[in-house]
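Asks: Dumping the structure here so I can ask a few things about it.
The values are calculated or read from the model by the stated rules, or taken from the named source; none is laboratory data. Note that the coordinates shown come from a computational prediction; the quantities given were computed from them, not determined experimentally. Every residue, glycine among them, receives a Cβ derived from its backbone with ideal geometry; neighbour counts consider all protein chains shown. Heads up: the accessible areas ignore ligands, DNA and RNA and are worked out on the full protein's heavy atoms, side chains in. Shrake-Rupley method; radii C 1.70, N 1.55, O 1.52, S 1.80 Å.
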Amino acid sequence: MMTLERPLTKNIKPNTPPMGLHAYQAAGGYEAVRQTLGRVAPADLVEMVIQSGLGGRGGGGFSAGRKWQLMPDPKADPGPRYLVINADEMEPGTFKDRLLLEGDPHQMIEGIILSAYAIQADISYIFVRGEYGTAITRLESAIGAARDAGLLGRNILGSSYDLEIHVHGGAGRYICGEETALLNSLEGRRAVPRAKPPFPQISGLWGRPTVVNNVETICNIPHIVLRGVDWYKSLGLDGESGTKIYGVSGRVKSPGTFELPMGTTLNDLIEHAGGMREGYQLRAVLPGGASTAFLLDDQLDIPLSFAGVAKAGSRLGTGTAIILDDRTCPVGMLHNLQHFFAQESCGWCAPCRDGLPWVERILAKIESGQGEMSDLALLDDIAGTLGPGRTFCALAPGAMASLVSGLTYFRAEFEQHIHTKSCGWT
Amino acid sequence: MHLTPADIAALGEIVGHYPHKRAACIDALKYMQARHGYVSDQSLEAIAVLLDMSPAELDEVATFYNLIFRKPVGEKVIYLCDSVTCWMLGRDKIARKIQDLIGIRQGETSTDGRYTLLPIVCLGHCDHAPAMMIDDRLFGDVEPGQLPGILEPPD
Ligand SMILES: Cc1cc2nc3c(=O)[nH]c(=O)nc-3n(C[C@H](O)[C@H](O)[C@H](O)COP(=O)(O)O)c2cc1C
Ligand code: SF4
Ligand code: FES
C-alpha cells in the first residue's frame with residue numbers, strides 16, 4: 001500500500017509544543033512565501049488555487065479560488081481589503097481546526113500570507129473562539145516571531161507587499177461562525193447574519209472587500225504552492241482534491257483526528273479510529289458535525305467527499321463524524337442536538353427564534369414519556385417550515401438535518417417512547 | 001469605576017488593531033472581566049466611553065455572548081460541555097458528581113463563592129469527551145472519580 005501523505009499535519013506531534021520559526025523553516029516552511037511574493041502575480045496564484053480543486057473546508061466545499069476571484073480589482077476600488085480566517089469552530093462534534101491552530105501555527109500564518117497576497121489584502125484577522133486560549137497564545141507568539149523575521153509587516157522580504165495579522169478572540173456564540181455574522185461580531189456589533197448579496201467580497205468588513213475562509217482551507221495553500229496542482233489533485237480520491245482532516249468521536253476505540261485522502265470511505269475512517277468499543281455496535285453516523293443528516297450503518301461504504309456524502313443524502317460538513325451507538329437513545333441524542341440549536345439561534349428571524357425552542361420542548365416531552373403520536377406529525381410540520389430557504393441563514397436548516405433524518409430512521413424508538421410512556425434507555 | 005492609565009494603555013493597544021474603536025469591545029469586556037470577575041455596570045460604562053459607544057449598545061453586545069458575565073460569578077468558573085458527544089459519554093454523571101461534591105447545579109454559585117458551574121457548548125475536545133474547562137484550563141476524558149482532584153488540586 002502507498003504511504004499516505006499528510007501535508008497538513010506532518011509537523012504536528014501529539015502532546016508536543018508546535019514547531020517554532022526555525023524548526024518550521026528547516027522543515028521547508030515559508031519557502032512557498034519566498035517563491036511567491038513579488039515573483040508570482042496575485043491573479044496567477046488565484047488561478048492556481050482554482051485549478052487545484054481546493055474546496056472550502058468550513059463545510060460548504062465551495063472552490064476557494066473562485067471565492068477569491070470575486071474580489072474586485074484593487075485599482076477599480078482602492079482602499080483596505082481584508083482576509084478573515086474563520087476559527088470559530090463551535091459546531092458540536094468538531095475539533096479539527098483546533099489541531100491545526102495549536103499544532104502548527106506557522107502553517108496557518110504562511111497560508112494567510114499567501115492567500116492575503118493572492119487577494120491583495122493588507123490586513124488579516126483570525127477570528128478564534130474565546131475558549132481556544134492555547135490556540136490564541138500560540139498564534140500570537142508565532143505572529144510575533146514571523147514579524148521579527150520580516151515575514152509580516154511592511155515590505156515583506158523586500159517584495160513591497162505589506163500585511164498585518166491580528167488575532168481576534170470571540171466570546172462564545174455559535175452564530176459567529178456564519179461568515180456575515182462573524183463580520184458583525186468582529187466590528188463590535190450584535191452578531192446576526194447580514195443579507196446576501198452583497199457578498200463579503202464586495203462589501204465585507206466595514207463595507208470593504210473581504211474574503212472569509214476556514215482555517216483548514218487556508219492551511220492547504222502553502223502545500224499547493226510548493227508541490228503544485230497535479231500533486232495536490234492526486235492526493236484525493238473520488239474526484240476531489242487534497243487531504244482532509246477527518247475526526248471521529250463517540251464510542252470508538254481511538255477517537256481523534258485523522259488526515260486522510262479526501263474521499264476516504266466512512267468505513268476506512270472508522271477503522272482508523274479503531275472500530276467500535278467492545279460491547280457497542282454502530283447504529284448511525286452524523287458525518288460532519290451536528291448540522292448534518294444521519295447516515296445509517298448500511299451506508300458506511302460511501303466516500304467522504306463533498307459530492308459523495310451529498311449523494312447519500314447528507315453533507316460532508318466539517319468531516320468530523322459523530323457515532324451513535326446501539327446503547328444510546330436516539331431520541332435523547334436528538335433532544336440534545338436541538339437544545340444546542342435552540343440556545344444558539346441568534347433570534348433575528350421568527351421561524352428559527354420560535355421554531356427551534358418549540359422543537360426542543362416537544363422532544364423533551366417525548367423523551368420523558370409525555371409525548372403523543374400527534375407530536376411526530378407536528379415535528380414533521382415544523383421541520384418543513386425551517387428547511388433550506390425558509391430562514392435568514394443556514395443555522396435552522398442545519399438544525400433540521402439531523403431531526404428530519406432521525407424522525408425517519410428512528411421512528412420505532414419515537415413510537416416506543418410514546419406508547420410505553422417512558423424512555424427505556426439508561 | 002475608573003480605568004487606570006495601565007488599563008487605558010492595554011486597551012489602546014487592542015483598539016489599534018482596528019480602524020474603528022468599537023471592534024475592540026469584546027476584548028475590552030473580557031479585559032474588565034478578567035480583572036473584576038464580571039462586567040459591572042460601571043465597567044460597562046467606562047468601556048462604552050472609551051470606545052465611543054452608548055452603554056445600551058455595548059450591553060446589547062455583552063449580553064449576546066456566553067463568555068461575558070454581567071453578574072458576579074464564583075472565583076473559579078467550571079464550564080461543563082453539554083454538547084452531543086459529551087452527552088453520549090456521560091456528562092450528566094459529571095454534573096451530578098459536581099453537585100455531590102460542592103452542592104451546586106448548573107447556573108449556580110457555591111455559597112462560599114468559590115465555584116460557579118455553567119454548561120458550555122462543544123469545547124472542540126470531543127475526542128476526549130466528556131470535557132470541561134475550569135477558567136481556561138481544559139480537562140478531557142473526565143471520570144467522576146477524578147473530580148475531587150480536579151476541583152481541589154493539591155498545591
Ligand atoms: C451557523 C453557522 C456556523 C458556522 N460555523 C463555522 C465555523 O465555525 N467555521 C467555519 O469555517 N465555517 C463556519 N460556517 C460556514 C461559514 O459561514 C463559511 O461558509 C466558511 O467560513 C467559509 O469558509 P470556506 O469557504 O473556507 O469553507 C458556519 C455557517 C453557519 C450557517
Ligand atoms: S435562521 Fe436562526 S440563526 Fe439564522 S438569522 Fe434566523 S434566527 Fe438567526
Ligand atoms: S461535544 Fe463536548 S467537547 Fe465536543
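Asks: Expressed as an acute angle from 0 to 90° and rounded to the nearest 10, what is the orientation of the C-alpha long axis of helix A:373-385 relative to the principal long axis of chain A?
Replies: Approximately 30 degrees, to the nearest 10.
Asks: While we're on this one: Once amide H atoms are placed 1.01 Å from N in the peptide plane, what residues at a sequence separation of 5 or more from residue A:320, or on another chain, have their amide H within under 5 Å of its amide H?
Replies: Residues meeting the criterion, in which the H sits 1.01 Å from N, are A:247, A:289.
Asks: Counting Lys and Arg as +1 and Asp and Glu as -1, what is the net charge of the other residues whose Cβ lies under 14 Å from the Cβ of residue A:88? Intermediate values should be presented prior to the final figure.
Replies: Values: positive: A:57, A:96, A:98, A:129, A:173; negative: A:89, A:91, A:97, A:131, A:178, A:179, A:216, A:344.
Residues near residue A:88 contribute -3 overall.
Asks: Top to bottom by accessible area (1.4 Å), largest first, where do A:339, A:272 land?
Replies: Details: A:339 60, A:272 90 Å².
Output order, biggest surface exposure first: A:272, A:339.
Asks: Starting from the Cα of residue A:374, step 7 Å along the direction of its Cβ; do the same at residue B:8; then give the gap between the two resulting points in nm.
Replies: In this crude label model, residue A:374 to residue B:8 measures out at 6.5 nm.
Asks: Could you report the range A:188-257's accessible area per residue, 1.4 Å probe, as an integer in Å²?
Replies: Numbers: 2280 Å² over 70 residues.
It amounts to 33 Å² per residue over the range A:188-257.
Asks: Under a 1.4 angstrom probe, counting protein chains only, how are A:96, B:97, A:311 ranked by accessible area, largest first?
Replies: Details: A:96 0, B:97 65, A:311 185 Å².
The ranking, largest first, comes out as A:311, B:97, A:96.
Asks: Would you tell me the accessible area of residue B:13, worked out with a 1.4 angstrom probe on the heavy atoms of the protein chains, in Å² to the nearest 10?
Replies: Using a 1.4 Å probe on the heavy atoms, I get roughly 120 Å².
Asks: Restricting to DSSP loop positions (anything but H, G, I, E, B) with no more than 15 other Cβ atoms inside 10 Å of their own Cβ, which chymotrypsin sites (Phe, Trp or Tyr not before Pro) remain in the range A:1-68?
Replies: Answer by residue number: A:62.
Asks: Beyond 25 Å between alpha-carbons counts as too far, so tell me which of A:13/A:253; A:13/B:93; A:253/A:311; A:13/A:96; A:253/A:421; B:76/B:97 fall in that bin. Write out the running numbers ahead of the final one.
Replies: Numbers: A:13/A:253 20 Å; A:13/B:93 32 Å; A:253/A:311 29 Å; A:13/A:96 14 Å; A:253/A:421 34 Å; B:76/B:97 17 Å.
Cα-Cα > 25 Å for A:13/B:93; A:253/A:311; A:253/A:421; rest within.
Asks: Give the average, rounded to an integer, of partner chain Cβ atoms located within 10 angstrom of each Cβ in A:250-260. Walk me through the numbers on the way to the answer.
Replies: Numbers: counts 7, 4, 1, 0, 1, 7, 3, 1, 0, 0, 0.
The shielding value for this peptide is 2.
Asks: Report the label-to-label distance for residue A:122 and residue B:141 in nanometres (one decimal), using points 7 Å from each Cα along the Cα→Cβ vector.
Replies: Spacing of the two 7 Å Cα→Cβ label points: 5.0 nm.
Asks: For the range B:5-64, what % of the accessible area comes from carbon and sulfur atoms, probe 1.4 Å? Spell out each step's value before the answer.
Replies: Numbers: 1500 of 2670 Å².
Here carbon and sulfur together make up 56 percent of the probe-accessible area.
Asks: How much FRET efficiency would the formula 1/(1 + (r/R0)^6) give for residue A:77 and residue A:425, where r is the Cβ-Cβ distance and R0 is 56 Å, rounded to 0.05?
Replies: Working: r = 58 Å, r/R0 = 1.04.
Using R0 = 56 Å, I get an efficiency of 0.45.
Asks: Suppose every K and R has +1 on its Cβ and every D and E has -1 on its Cβ; what is the size of the dipole of the range A:240-324 about the Cα centre, in Debye to the nearest 20?
Replies: On the way: 7 positive and 8 negative charges, 52 e Å.
With Lys and Arg at +1 and Asp and Glu at -1, about 260 debye.
Asks: Please list 3J(HN,Hα) in residue order for the range A:238-244, calculated via the Karplus relation 6.51 cos²θ - 1.76 cosθ + 1.60 where θ = phi - 60°; whole Hz, with x for glycine and proline.
Replies: In residue order, the calculated couplings are 6, x, 10, 9, x, 9, 9 Hz.
Asks: Residue by residue through A:118-127, how many Cβ atoms from other chains fall within 10 Å of the Cβ on average? Intermediate values should be presented prior to the final figure.
Replies: Values: counts 0, 0, 0, 0, 0, 3, 0, 3, 0, 0.
Rounded to a whole number, the mean comes out at 1.
Asks: Ok, one more. Aspartates and glutamates near residue A:75 by alpha-carbon distance under 16 Å, same-chain residues fewer than 8 away left out - which ones?
Replies: Here the aspartates and glutamates satisfying the reach criterion relative to residue A:75 are A:122.
Asks: Counting protein heavy atoms only and a 1.4 angstrom probe, how many square angstrom of accessible surface do chains B and A bury in total, to the nearest 100?
Replies: On the way: alone 9110 and 17390 Å², together 22940 Å².
Buried area between the two chains comes out at roughly 3600 Å².
Asks: A follow-up question, please. For a quick check of understanding: with a 1.4 angstrom probe and all protein chains in place, what accessible area in square angstrom does residue A:323 have, to the nearest ten?
Replies: So the heavy atoms of residue A:323 present about 0 Å² to solvent.
Asks: Which of A:292, A:134, A:217 moves the most in a Gaussian network model of chain A with Cα springs under 10 Å?
Replies: A:134
Asks: If you bin every alpha carbon distance in the range B:76-151 into 10 Å steps from zero, what whole percent lands in each bin?
Replies: Calculated over all Cα pairs of the range B:76-151, the distribution is 22, 60, 18, 1 percent.
Asks: Still on this structure, I have one more. Using alpha carbons only, how many degrees (0 to 90, rounded to 10) separate the axis of helix A:133-148 from the longest principal axis of chain A?
Replies: The two axes meet at around 10 degrees.
Asks: Another question, if that's okay. Where does helix A:330-344 land angle-wise versus the long Cα axis of chain A, in degrees 0 to 90, nearest 10?
Replies: The answer is roughly 50 degrees.
Asks: Now for a different question. Can you send over the solvent-accessible area of residue B:57, 1.4 Å probe, protein chains only, in Å² to the nearest 10?
Replies: Approximately 70 Å² of residue B:57 is accessible to the 1.4 Å probe.
Asks: List the residues whose amide H sits under 5 Å from the amide H of residue A:212, counting only those 5 or more places along or on another chain, with H placed 1.01 Å from N in the peptide plane.
Replies: Close amide H contacts, sequence-distant or interchain: A:84.
Asks: Quick check for me: using +1 on Lys/Arg Cβ and -1 on Asp/Glu Cβ, what's the dipole size of chain A about its Cα centre, in debye to the nearest 20?
Replies: Working: 38 positive and 45 negative charges, 126 e Å.
The dipole of chain A has a size of about 600 debye.
Asks: Output the antiparallel fraction of DSSP beta bridges having both residues in chain A, as a percent to the nearest 5.
Replies: Working: 16 of 37 bridges.
Percentage antiparallel, nearest 5: 45.
Asks: Between residue A:412 and residue A:365, what's the calculated FRET efficiency when r is the beta-carbon distance and R0 is 22 Å? Round to 0.05.
Replies: On the way: r = 18 Å, r/R0 = 0.84.
The pair residue A:412/residue A:365 has a calculated efficiency of 0.75.
Asks: Under a point spin-label approximation (7 Å from Cα along Cα-to-Cβ), what is the residue A:157-residue B:41 distance to one decimal in nm?
Replies: So the two model labels end up 5.6 nm from each other.
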